[in-house]
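Q: If you scroll down you'll find the structure; I have some questions about it.
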Amino acid sequence: MNQNLEIKDETITLRVDGDLVSTNAPALRGEIDRLFEAGDGAGLAWKVCKLDLTAAAMIDSVGLNTVVGLLKRAQQRGARLQLVYSNPNVRRILSFTRLDKHLELIKPPE
Amino acid sequence: MPAPHILVVEDDPIGRDLLQIALANRGYSVLAAANAAEAQECLSPAKINGFECVVTDYRMPAMNGLELLGWIRERDPGLATILVTAQCEKELVADSLRGGAIDFIDKPVDIKTLQQAVARAVEQTRRYRHMAESESAVREIGRTQQRILDAHRIHGRGIVEVHFYPKHEAGGDYFTHFQFGGDRLFCLLTDVSGHDPQAAYVSAYFQGYVRGLLQRNATVPEIFYGFNRLLLREWNQDGDSANGETNVETSVAACAVQVDFSNRTARVFAQGTPAPVYLSQDGAVGVVGESGGTPLGWFPTLPLQQVIHPIADGNSLYLWTDGFEDLADRLGVSRLSLACALQQAKERSQPPACIQAANDDVLMAVVHLAAPEPAEDLRPLISESYHGGQSTEIDEMQSYWRRSLAIAIPELTDSQMHDILLASREIMLNALIHGCARRADRKADFQIAYLPKSRTLRVRVDDPGPGHRFDIARQERLAALELVEAQQGLLLVERLASHLAFERGGAGVKMDFKLSSDPSTEANVNESEP
């Protein structure tokens with residue numbers, strides 16, 4: 001898994017290369033754990049977490065669980081979670097699981 | 001042998017006579033033309049094949065020798081021509097060679113040089129024409145094979161379909177089938193080493209040998225042993241008998257299937273071919289016997305592989321050569337999905353696009369046993385077993401499923417493909433992780449089949465586990481109220497499949513996907529969210 005982590009202003013962006021599925025979701029979860037453990041003590045005062053899934057064509061149940069876990073932790077911290085997608089199939093899956101009601105979904109212009 | 005016919009073209013009457021006499025003295029039959037127009041009359045379509053060389057002067061009125069040469073090449077590229085040029089026309093040599101003249105001669109013409117040049121030219125023409133005839137004969141052999149193999153035969157008890165895509169114009173792949181004894185059907189798939197008229201000859205000879213002996217009530221083992229001896233003792237050279245080595249020149253891989261409708265059995269003999277695949281009417285897929293075995297013509301001792309398999313009405317048997325399997329491997333798809341692709345292409349009367357990637361002749365035959373009542377055609381696309389330790393390979397499995405589905409059903413939309421793969425992934429992971437407890441000694445069966453009439457794709461996963469007590473309806477209600485992190489997989493599948501059924505307490509899963517609609521057009525998704 002080759003995520004990019006970018007911090008700009010009050011937004012932290014986690015970029016996932018490719019699909020978010022059972023074989024790479026654990027690595028993302030590890031990144032998320034490190035991010036939250038670092039917390040404000042490391043000077044990371046972010047208010048928005050952006051999960052960039054523009055490269056994903058598929059998100060499976062393990063990937064969804066990872067997103068739910070991230071969402072809950074962000075909410076506990078008082079932060080917002082945005083999910084950026086480009087593939088309509090990813091959007092459908094978020095809709096099936098009602099995650100679209102809990103997340104801010106962003107679709108970049110083509 | 002009749003004297004070769006030569007056409008001499010020269011506008012100077014003295015020069016023309018000299019050429020004519022010089023060549024006639026060498027035993028040639030010579031016709032002379034005074035200019036290019038006369039030469040063209042002599043070389044009319046009905047007559048041009050009668051000439052074996054044209055000797056033409058370069059400088060002639062109206063049409064020069066080089067132009068005449070070009071005219072001849074368009075009509076008979078194999079007819080050798082000689083251009084006679086004067087000293088000052090030397091630079092034309094390069095043009096004449098590019099134009100295709102076999103030779104050129106300087107003026108004044110040396111008689112011996114002329115005679116030698118014509119002899120070479122005649123030889124060249126004959127060689128070219130002989131090769132063209134051989135190529136034509138090879139193509140005719142290939143066309144004959146194709147015509148016979150292309151038949152879609154209907155017997156009283158079933159249908160035999162044959163799909164043959166030769167890579168070469170003639171070769172040793174062949175399939176034949178016939179009824180005998182009233183209640184028996186015999187099928188023979190042959191793959192002779194080589195892709196040339198010799199292989200085609202051996203293949204046809206073997207097919208006739210088998211048919212003749214069967215009609216004399218010989219058994220398949222007797223026939224195979226007999227042909228093995230024939231190859232070793234008469235066609236291949238016997239080597240040192242002490243170490244059993246043989247200089248193999250011709251070998252025959254063969255798969256014979258004897259269907260006995262009375263006993264409801266199929267007796268299969270596979271010598272050096274892939275093992276046939278059996279499909280039951282309810283979609284179960286199995287391999288009959290083992291692939292490989294010793295082809296005929298290799299060793300004096302021929303270990304015969306014979307398997308007796310029960311058959312039932314409505315069942316199908318797939319036979320294919322190693323060229324077919326090689327193509328499936330090159331494409332990275334399942335054999336069954338490639339079989340479906342060939343069948344679909346034939347139904348559309350189109351050559352399958354995937355055949356371009358073939359490195360060898362591709363031959364597949366399917367024997368369909370008639371069912372007493374019509375049942376929906378079911379085409380297996382993928383039938384695999386995965387063990388519990390392979391859950392980490394799910395990405396590779398998914399890619400393999402994707403390629404196989406894409407080749408068998410190219411009209412699958414991106415959304416349809418996504419839903420089938422995602423649902424299959426979820427169920428398969430469940431089977432490997434929970435049903436097989438990630439153990440390498442436990443296997444889950446995975447199958448995808450296509451039902452063309454109802455345009456349905458059916459996925460089946462069976463694992464050896466105890467099943468589950470997952471209450472989908474309850475979890476759906478919970479998920480509507482709050483976010484749940486666990487058990488998302490089955491909820492997802494329930495939304496993706498047109499129909500979902502659990503068997504054996506959940507250890508067996510059957511999912512149907514209707515392809516008559518595109519999920520992306522049905523989704524009620526608001527795309528205008530910020």
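Q: What is the residue count in segment A:72-92 for residues that are in a helix (DSSP H, G or I), more than 7 Å from chain B (Cβ to nearest Cβ) and crowded, with 20+ Cβ neighbours inside 10 Å?
A: Qualifying residue count for the region: 2.
Q: Does segment A:93-110 hold any residues that are in a loop (DSSP other than H, G, I, E, B) and among the aliphatic types (A, V, I, L, M), and which are they?
A: Residue satisfying the conditions is A:103 alone.
Q: Please go through (1) more than 8 Å from chain B (Cβ to nearest Cβ); (2) closer than 25 Å to residue A:34 by Cβ for residue A:108 and return the number of the only condition it doesn't satisfy.
A: Condition not satisfied by residue A:108: (2).
Q: Taking segment B:184-219, which residues are closer than 18 Å to residue B:171 by Cβ, of a type in the set (A, V, I, L, M) and part of a helix (DSSP H, G or I)?
A: B:199, B:200, B:202, B:204
Q: Just one of B:341, B:357, B:312 is in contact with a helix residue (DSSP H, G or I) (Cβ under 6 Å, 6 or more places away or on another chain), of a type in the set (A, V, I, L, M, F, W, C) and surrounded by fewer than 21 Cβ atoms within 10 Å (Cβ to Cβ); which is it?
A: Details: B:341 fails: surrounded by fewer than 21 Cβ atoms within 10 Å (Cβ to Cβ); B:312 fails: in contact with a helix residue (DSSP H, G or I) (Cβ under 6 Å, 6 or more places away or on another chain).
Selected residue: B:357, the only one of B:341, B:357, B:312 that is in contact with a helix residue (DSSP H, G or I) (Cβ under 6 Å, 6 or more places away or on another chain), of a type in the set (A, V, I, L, M, F, W, C) and surrounded by fewer than 21 Cβ atoms within 10 Å (Cβ to Cβ).
Q: For segment A:22-37, indicate whether the set of residues that are more than 12 Å from chain B (Cβ to nearest Cβ) and among the aromatic types (Phe, Trp, Tyr) is non-empty.
A: First, the residues of segment A:22-37 that are more than 12 Å from chain B (Cβ to nearest Cβ): A:27-28, A:30-37.
If we keep only those that are among the aromatic types (Phe, Trp, Tyr) as well, we get A:36.
Yes - at least one qualifying residue is present in segment A:22-37.
Q: Residue by residue through segment B:163-190, note down the ones that are touching a Gly at 6+ places or on another chain (Cβ under 9 Å), within 30 Å of residue B:313 (Cβ to Cβ) and among the charged types (D, E, K, R).
A: B:173
Q: So residue B:193 fits all but one of (1) free of Cβ contacts under 8 Å to residues at least 12 places away in the same chain; (2) closer than 29 Å to residue B:303 by Cβ; (3) not charged (D, E, K, R); what number is the exception?
A: With (1) free of Cβ contacts under 8 Å to residues at least 12 places away in the same chain; (2) closer than 29 Å to residue B:303 by Cβ; (3) not charged (D, E, K, R) applied to residue B:193, the lone miss is (1).
Q: Exactly one condition in (1) within 11 Å of chain B (Cβ to nearest Cβ); (2) under 15 Å from residue A:36 (Cβ atoms); (3) surrounded by fewer than 17 Cβ atoms within 10 Å (Cβ to Cβ) is false for residue A:101; which is it?
A: Against the list (1) within 11 Å of chain B (Cβ to nearest Cβ); (2) under 15 Å from residue A:36 (Cβ atoms); (3) surrounded by fewer than 17 Cβ atoms within 10 Å (Cβ to Cβ), residue A:101 comes up short only on (2).
Q: Could we say that residue A:67 is within 18 Å of residue B:519 (Cβ to Cβ) and at the interface with chain B (Cβ under 10 Å from one of its Cβ atoms) here? Full working, then the answer.
A: Values: within 18 Å of residue B:519 (Cβ to Cβ): no; at the interface with chain B (Cβ under 10 Å from one of its Cβ atoms): yes.
No.
Q: Look through B:280, B:291 and report the one residue that is over 30 Å from residue B:232 (Cβ atoms) and of a type in the set (Gly, Ala, Ser). Break it down stepwise before answering.
A: On the way: B:291 fails: over 30 Å from residue B:232 (Cβ atoms).
Answer to the selection: B:280.
Q: If you take just the helices (runs of 4 or more DSSP H) that sit entirely in segment B:426-530, which of them hold at least 2 residues that are at pLDDT below 90 and under 16 Å from residue A:98 (Cβ atoms)?
A: Numbers: elements: B:472-481, B:488-496, B:519-522.
Ranges flagged: B:472-481, B:488-496.
Q: Could you check segment B:391-414 and list, in sequence order, the residues that are surrounded by fewer than 19 Cβ atoms within 10 Å (Cβ to Cβ) and either at the interface with chain A (Cβ under 10 Å from one of its Cβ atoms) or not in a loop (DSSP other than H, G, I, E, B) (or both)?
A: B:392, B:393, B:395, B:396, B:399, B:400, B:402, B:403, B:406, B:414
Q: Here's another thing I want to ask about it. From (1) within 12 Å of chain B (Cβ to nearest Cβ); (2) touching a Gly at 6+ places or on another chain (Cβ under 9 Å), pick out the condition that doesn't hold for residue A:55.
A: With respect to (1) within 12 Å of chain B (Cβ to nearest Cβ); (2) touching a Gly at 6+ places or on another chain (Cβ under 9 Å), residue A:55 is out only on (1).
The values are calculated or read from the model by the stated rules, or taken from the named source; none is laboratory data. Quick caveat: nothing in here was measured; it's all calculated off a predicted structure. As a convention, Cβ positions derive from the backbone with ideal geometry for all residues, glycine included, and neighbour counts pool all protein chains shown.
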